[in-house]
Amino acid sequence: MDEPRPTPYLQIRHLRKTFRTFVALEDISLEVYPGEFICFLGPSGCGKTTLLRCIAGLEEQDAGEIIQDGRDISRLPASQRDFGIVFQSYALFPNLTAAKNIAYGLENMKLPRAQIQARVQELLELVGLSDFAHKYPAQLSGGQQQRVALARALALSPGLLLLDEPLSALDARVRAGLRTELALLQRRIGVTTIMVTHDQEEALTLADRIVVMDHGTIQQIGTPHEVYRYPRTPFVANFIGEMNFLVGVVAGQGWVQCGAHQLRVSRLNGLAQGTSVKLAIRPEDIVIPTAAPAENTLSARVQHHEFLGAFYRLRLAAEELNFILDLPMAQARDLDLTRQDLLPVHLPADFLHVYPS
Amino acid sequence: MTTISTTPPSWLAAKRKAARALNTEVWLMRGLILLSGAFLVTFVLLPLYELIRRSMENRQGEFVGLENYLQYFSTPALAQSFANSLYISAMSTLITVTLAFVFAYALTRTCMPFKNVLRTLALLPIFAPSLLHGIAFIYLFGNQGIFTNGVFNFLLRLIGGYDIRAVPPLPFEIQFNINLYKEPTGIILAEVFYLFPHVLLILMVALSLADARLYEAATALRASRWRTFLTVTLPGARYGIISACFVAFTLVITDFGIPKVIGDGVSVLATDIYKQVIGQQNFFMGSTVSVLLLTPTIIGFAIDRFAQRRQVAMLSARAVPYQPKPNPTLDRLMLAFCILVVLAILLVIGTALIASVVNVWPYRLELSGRHYDFSKVAGGGLDAYWNSLRMAGLTAVFGTIIVFVSAYMIEKGRGLGKTRAALYFLSTLPVALPGLVLGLAYIFFFNRPANPLYFLYGTMPILVLSTIVHFYTVSFFTATTALKQMDREFEAVSASLAVPFYRTFWRVTVPVSLPAILEIGIYYFVNALTTVSAVIFLYSANLKLASIMIVNMDDAGDTAPAAAMSMLLFFTGIGVRLLYELVTRGLKQRTQVWRQR
């Protein structure tokens, strides 16, 4: 950390939440900086939605503090916290038009009618729904409903925008389009945003930083590049992207014995000799060398190959080691996969992650 | 360039101010939850406690434990009514659920024609007080009954206007005597007619939900129709059937009207309570019998609750609605069955109608409106009718408000989780409380000068409150179902926008639930109009109700005016329902635009 970071906008300290005997959140600590887009990513039941609801005040934590903008909000009810929220179901009021939904919070503040109307108009333009102001939710498409919910959440210019799986109710094509729109919108208005998702692609494309969660704990916090390139635990490695796992034993400084093979690794993370470990490498990081075989090169048999458009996915076996390799189309054209029986494969030491098993 | 990124200070200040007001909101919500609780405790739990306490006391007010119960069971006449009650309830339940199941099956699972007409006619008796069925049975099977004296004999006289003495014996005749006053058969049959629409409603709902994919799977596996029925249809409807049995059993065992009118020689628990309290002023034995009457209904209630809890959503979101396919033989058979049932229903109601508009049954069958002039008979004339209308109106308005607000607090409220769970249970309890038991419990609880609510005794408010509680549970479930269908996050969104819950309740919850709210209102109105059991202990001499007048007129031997008043209530119920349909159609069109796509 060379440059000093700004003061965090949101601080969560040692948060714990249980439902009867089930521990939903265990010692969660997290800092969110102004204007950041954070994604809580994890499988269902990992506690990500519970964490979001604690931040919103919709669930009360058993222990721990939440500080927003210098104010301790740990025990405040939701209505006294400063956030806007979009739910998976959108929770649009079905008997109010899009404009009335957006105006809902404004009207309660006894603002002049003209000011409310101007604000609603501004928000409708922001989400590109000016022509749909007087439609009821049932008359709008899923994507349009989602945008109304977003506009409603932003109506009071909240300091924090909370999104609870806002895209998961949409079909794939609409989802991709809205994802981009959401990212642009957030950058434009600069509101600090936390989104809960179980979709790694969404998290990787949208987030400034991803908080990977599992079983109520934070597994890793980092930029999309960091969590993808340097997963800190096997869970993160497995949950985000594809990953090969090989079982081995630390053989010495910078070496791991994997079955019959000795593999060089760049980072042993201080694991002592004789420790059982898991090696992990992404399918796209394994290469088929064109030059003469160097270290970490095995001879593998192609057991199966799948055509996936931009690349081939090869299922390989090097004696007792099984792994998959993604071969870019350009390279695959040069190799005749139907004829190749045995292939030399190179596992670069820099891309081999080592975890104690 | 938008200015969204900067927060206009005026808004932030406004939001902070609005948020401060929300502190009171939290207290308001808790207050309302506790108020719902106070209502249920005061009008359900405490009277019930008082009743049970009294059942263990003697005339001197000393605690005697179970002595009253022992005395009850050692009195052969009284113990006999316990057995009678169980027998009559079980038989009527069995017959009605069977008939109604076939009827509901025909309506929901076949391509039988005239479904709408048949359904409407079959549901008609729901507007009739149970007394009407009793009275009709006197005209059908009593000493001067149509069947007792011969159907053709009667028709001949009706058409020809003959005097009975002028008719020579006919060569052929449909004539039989079911010994109406001495055997339970009459009560059982009359109860079947009273129960039928209630049970039909439940079974129609149970059978209308079906997943077509299960039937396709059964066909693909070459299951026979009969096997499909046994393995798919019946299991799918089993919770509905359990519920129907519970409702039917409770309605019969707690029904007071029919045994009162025709059961002179057959005593049952419900009439025993009445006799003990009104006839012999023996409140202690009355409360003992009440608690006994409570036992089977509470057991049934427990079974039903247990069954409902096990019922997981049978119908997933992916289910494909079942569409019946034509089957000429089955459709025709079902049509014949349904027409027979409907004819029987019309016969019963028609008999009461005819009896109320002829001069002297069965001797002078010319038309006469004299039975509708209530000024000369026992009771309170037409005043009682107007009282009933007023009572029904008040019950509909206040009952709907209390039920809906309370259901909202229990379902959507925040905080006081254990209290809300307890209130949910208390809200389901009144369905197991027979009206007579409730009425007696109210006497014990409210008719004590020490009770701060003593002033309520003998007034319109207590009639209204007891009726609200009497029909509380069904209304509560209607409200809860409507509320459950609403997005769980409306309240959360409102909170995030610093909008207090009562504003969202008024602007969103109420408009969206309007159909259910109106349904609760009409349910309360119709039932308040025809109810006898709870109010018979609570009305006062200068505040008579039409339904009670029917009992009194019948007691005094004025059967025809009793039939006339029953018909008046019946047609009022139908009239109000039609009016309601008309008004709500307009209202729904204006307020439910958003439902259209």
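Only the coordinates and a few stated rules stand behind these numbers; no lab work does. Quick caveat, the model's predicted, so the values are computed rather than measured. As a convention, Cβ positions derive from the backbone with ideal geometry for all residues, glycine included, and neighbour counts pool all protein chains shown.
Report, to two decimal places, the Cα Rg of the stretch B:44-150 normalised by 2.2 N^0.38 Å (N = number of residues).
Its radius of gyration relative to the 2.2 N^0.38 Å reference: 1.69.
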Give me the compactness ratio for the stretch B:331-481, meaning the Cα radius of gyration over 2.2 N^0.38 Å.
1.50
Looking at the square roots a ≥ b ≥ c of the eigenvalues of the Cα gyration tensor of the stretch A:116-183, which shape do they give, rounded for a/c under 1.5, prolate if a/b is larger than b/c, or oblate?
oblate
Taking the square root of 5 times each eigenvalue of the Cα gyration tensor, what semi-axes in Å does the equivalent ellipsoid of chain A have, largest first?
47, 25, 16
Along its principal axes, what span do the Cα atoms of chain B show, with the longest given first and each in whole Å?
102, 71, 46
Too long for a 24 Å Cα-Cα cut-off, among A:Lys48/B:Lys418; A:Lys48/A:Lys278; B:Lys182/B:Lys275, are A:Lys48/B:Lys418; A:Lys48/A:Lys278
Give me the dipole magnitude in Debye, nearest 20, for chain B about the Cα centre, with unit charges on the beta carbon: positive for Lys and Arg, negative for Asp and Glu.
2480 debye
Kyte-Doolittle at least -1.0, axis length at least 27 Å by Cα - qualifying DSSP helices, chain A
none
Additional length obtainable on full extension of the chain from A:Asp131 to A:Ser299, 0.36 nm per residue less Cα span
54.2 nm
With the cut-off at 15 Å, report for the stretch A:228-282 the share of all Cα pairs above it, as a whole percent.
45 percent
Provide the FRET efficiency to the nearest 0.05 for the A:Ala169-B:Thr481 pair, computing r from the beta carbons and using R0 = 22 Å.
0.40
Skipping prolines and chain starts, which residues have an amide H placed within reach, meaning under 5 Å, of the one on A:Asn296, given they are 5 or more residues away or on another chain?
A:Arg264
Answer with one residue from A:Ala118, A:Tyr90, A:Ile55: the one whose Cα lies farthest towards the positive end of the charge dipole of the stretch A:39-137, charges on Cβ with Lys, Arg +1 and Asp, Glu -1.
A:Ala118
Quick check: pseudo-label points 7 Å beyond the Cα along Cα→Cβ at A:Thr205 and B:Leu382, how many nm apart are they?
7.5 nm
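Restricting attention to the stretch B:460-522, which trypsin sites (Lys or Arg not before Pro) occupy a DSSP loop and are surrounded by at most 15 other Cβ atoms within 10 Å?
Sparse-neighbourhood loop trypsin sites (Lys or Arg not before Pro): B:Arg488.
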How do A:Glu202, A:Glu31, B:Glu216 line up, fewest other C-beta atoms within 10 Å first?
B:Glu216, A:Glu31, A:Glu202
Which value, in nm² and rounded to one decimal, describes the direction-averaged projected area of the C-alpha convex hull of the stretch A:113-254?
11.7 nm²
For the stretch A:55-96 the mean separation of alpha carbon contacts under 8 Å (6+ apart) over residue count, i.e. relative contact order in percent, is 35 percent
In the stretch A:54-129, the trypsin sites (Lys or Arg not before Pro) that fall in loop regions by DSSP, at most 13 other Cβ within 10 Å
A:Arg75, A:Lys110
Which lysines, if any, have their Cα less than 20 Å from the Cα of B:Lys115, not counting same-chain residues under 8 positions apart?
B:Lys325
In degrees, nearest ten, helix B:460-470 long axis to first principal axis of chain B (Cα)
80 degrees
Segment B:Leu578-B:Leu367, extension gain: residue separation times 0.36 nm, minus the distance between their alpha carbons:
73.2 nm
Rounded to whole Hz and in sequence order, give me ³J(HN,Hα) for the stretch A:341-354 from the Karplus expression 6.51 cos²θ - 1.76 cosθ + 1.60, θ = phi - 60°, writing x for Gly and Pro.
9, 10, 10, x, 10, 10, 9, x, 4, 5, 9, 8, 9, 10
Rotationally averaged projected area of the protein assembly as shown (alpha carbon convex hull; nm²):
54.3 nm²
Between A:Val86 and residues 5 or more places away or on another chain, which pairs have amide H atoms under 5 Å apart, with H built 1.01 Å from N, and which residues are they?
A:Leu162, A:Leu163, A:Asp164
Taking the Cα centre of chain A as origin and charging only Cβ (+1 Lys, Arg; -1 Asp, Glu), how large is the dipole, in debye to the nearest 20?
820 debye
MRE, 222 nm, helices only [DSSP H, n ≥ 4, -39500 (n - 2.57), over the protein assembly as shown, to nearest 500]:
-16500 deg cm²/dmol
Alpha carbon centroid spacing (whole Å) that separates the stretch A:1-69 from the stretch A:133-164
24 Å
Here the Kirkwood hydrodynamic radius of the stretch A:171-267, Cα-based and in Å, equals 15.9 Å
Are there trypsin sites (Lys or Arg not before Pro) in the stretch B:336-424 that DSSP marks as loop and that have at most 12 other Cβ atoms within 10 Å, and which are they?
none
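Please report, in debye to the nearest 20, how large the charge dipole of the stretch A:141-226 is about its Cα centre when each Lys and Arg carries +1 at its beta carbon and each Asp and Glu carries -1 there.
420 debye
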R0 = 41 Å: FRET efficiency of B:Ile299 with A:Ser89, Cβ-based, nearest 0.05?
0.55
Within the set A:Ala176, A:Ala291, A:Ala237, GNM on chain A using Cα springs under 10 Å gives the largest fluctuation to A:Ala291
Evaluate the stretch A:221-357: find the radius of gyration of its Cα atoms, find its Kirkwood radius, and give the ratio Rg to Rh.
0.97
Regarding the stretch A:1-160, what is the average projected area of its C-alpha convex hull, in nm²?
11.9 nm²
